[in-house]
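The values are calculated or read from the model by the stated rules, or taken from the named source; none is laboratory data. Since the model is a prediction, treat every value here as computed from it, not as a measurement. Glycine gets a Cβ as well: all are built from the backbone with ideal geometry, and neighbour counts include every protein chain shown.
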Amino acid sequence: MLKKICKLCNRTYSHSYKLFGRGCFNRACERLMIDFPDNIDDKEQYFCDVIARRMGKIGISRTKKYDLAQKYLTLEYLNMIDYGDLSKEKDFIKNEMSNISLIKTAKETLDVLLDNSKLNKDNESFPNITLNKVYRLYKITEKFNKRINSLKYELKKIGYNEEFIDIVEKYLLNDLKFVFDTSKLKIPMCYKVYYAMQVVLWELVISFGKSAGFLLSAELLQKSLIANKDKEEDYYLTNQKILSEFYFNEQLTAIIKKLMKKYSSNKKNIALNEKNIDENELIIVFNKADFYYSLHKATINIEGNKNNDGRWQLKVLIKDKYDFTDPNTTKEDYKDSLLGSVLNNCGVVSQQYGVIRPYNVYIVLNYENFEVSDYEE
Ligand SMILES: [Zn+2]
């Protein structure tokens with residue numbers, strides 16, 4: 001017997017139905033709430049009749065009823081996808097359905113026989129919006145919902161930094177890795193859904209990241225989701241809580257003191273930047289986890305004047321580019337940390353999707369009475 005391809009799941013089946021294997025047929029009946037009176041010989045035919053009746057297209061040919069039923073179910077699954085704006089796809093299917101009418105085209109008059117080759121041909125003319133493709137996409141969103149909920153559940157239970165990192169790492173690496181699928185970039189319907197799922201995932205990481213103390217990471221990731229898509233923005237950090245973390249960061253204070261000690265002796269004012277000293281001296285790789293995950297290759301610039309008491313008035317600028325595709329981001333020690341490399345991989349994909357948009361980060365710190373003298377190597 002001829003093997004047929006189920007229009008819903010794309011698997012082969014061999015019994016008499018024209019559209020679906022038995023399991024999928026039952027699933028479709030359940031989904032559309034179609035029951036059967038006793039003594040129905042061909043349930044699938046009856047199923048298509050019910051849908052034609054629902055659509056007010058009672059008199060159409062059998063071939064058209066089978067076609068209509070597939071499209072009707074396609075629209076049903078499109079409506080169940082919660083991610084992305086699929087209104088164009090829905091309009092397309094609705095339009096297709098309304099074009100199914102009593103009037104016969106010349107081509108249809110020739111298509112005397114209803115068989116699968118005819119039905120398959122119909123599908124091929126709209127490669128991106130077949131019942132099977134929409135169904136598969138719906139199943140993906142179902143899987144996403146389940147896993148994002150369990151991520152949310154796990155994150156709700158914890159409060160410590162280390163656990164937050166472990167959990168996010170686990171999900172990005174395994175359970176939710178599938179949303180970072182570059183093969184969907186060129187398929188408009190999938191692209192929109194995957195884009196929306198990535199946004200939901202990042203928003204969740206941001207909101208729990210904040211409560212786990214990853215303030216800068218959360219802030220910069222949040223900004224990347226809304227940054228200008230077409231041209232790189234300059235973003236100045238203004239969050240006072242995060243700025244004070246920089247003022248109290250010992251590593252930063254030490255590097256400023258080290259540079260000042262080296263370059264400021266016997267001087268009344270100072271300017272240290274890429275133009276007048278070796279750039280490598282200005283690079284800072286933070287140890288603090290939050291800064292480490294959010295600043296990939298930060299450099300500092302210093303300028304200031306010496307007060308009469310020997311202390312300094314300094315303006316320190318920390319700058320970085322929030323960009324996962326920047327070659328500078330491939331910094332080895334960053335990649336060596338597991339979450340760093342996982343974030344990096346997912347970030348690169350999200351950036352390809354346009355979910356994460358690159359921009360320039362500037363952090364300006366003003367010190368009134370900065371003491372260089374107590375620095376020791
Ligand atoms: Zn099936």
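Can you name the residue in segment 19-38 that is over 9 Å from Lys4 (Cβ atoms) and touching a residue at least 40 places away in the same chain (Cβ under 8 Å) and, of all such residues, is nearest to the ligand (Cβ to nearest atom)?
Taking the candidates together, the pick is Ala28.
Given the condition loosely packed, with under 13 Cβ neighbours inside 10 Å and modelled with pLDDT of 55 or more, answer yes or no: does some residue in segment 108-123 qualify?
No, there is no match, as no residue in segment 108-123 is loosely packed, with under 13 Cβ neighbours inside 10 Å and modelled with pLDDT of 55 or more.
Take the residues of segment 39-79 that are in contact with a Phe, Trp or Tyr (Cβ under 9 Å, 6 or more places away or on another chain) and outside any helix (DSSP H, G or I): which is nearest to Lys94 (Cα to Cα)?
Met55
Test Tyr77 against the stated conditions and say whether it is in contact (Cβ under 8 Å) with a residue 60 or more places away in the chain, more than 12 Å from the ligand (Cβ to nearest atom) and among the hydroxyl-bearing types (Ser, Thr, Tyr). Walk me through how you get there before you give the answer.
On the way: in contact (Cβ under 8 Å) with a residue 60 or more places away in the chain: yes; more than 12 Å from the ligand (Cβ to nearest atom): yes; among the hydroxyl-bearing types (Ser, Thr, Tyr): yes.
Answer is yes for this residue.
Inside segment 39-56, can you point out the residues that are surrounded by fewer than 18 Cβ atoms within 10 Å (Cβ to Cβ) and more than 16 Å from the ligand (Cβ to nearest atom)?
The answer is Asn39, Ile40, Asp41, Asp42, Gln45, Tyr46, Asp49, Arg53, Arg54, Met55, Gly56.
Which residue out of Phe178, Phe164 is at pLDDT below 95, assigned to a helix (DSSP H, G or I) and surrounded by 13 or more Cβ atoms within 10 Å (Cβ to Cβ)?
Unique residue meeting the criteria: Phe164.
Only residues that are within 12 Å of Lys43 (Cα to Cα) and within 9 Å of the ligand (Cβ to nearest atom): list them for segment 4-18, please.
Across segment 4-18, there are no qualifying residues.
Just give me the residues in segment 1-18 being surrounded by 15 or more Cβ atoms within 10 Å (Cβ to Cβ), free of Cβ contacts under 8 Å to residues at least 60 places away in the same chain and not in a loop (DSSP other than H, G, I, E, B), in sequence order.
Tyr13
Looking at segment 235-281, which of its residues are under 23 Å from Leu220 (Cα atoms) and in a loop (DSSP other than H, G, I, E, B)?
Residues satisfying the conditions are Leu237, Thr238, Asn239, Phe248, Asn249.
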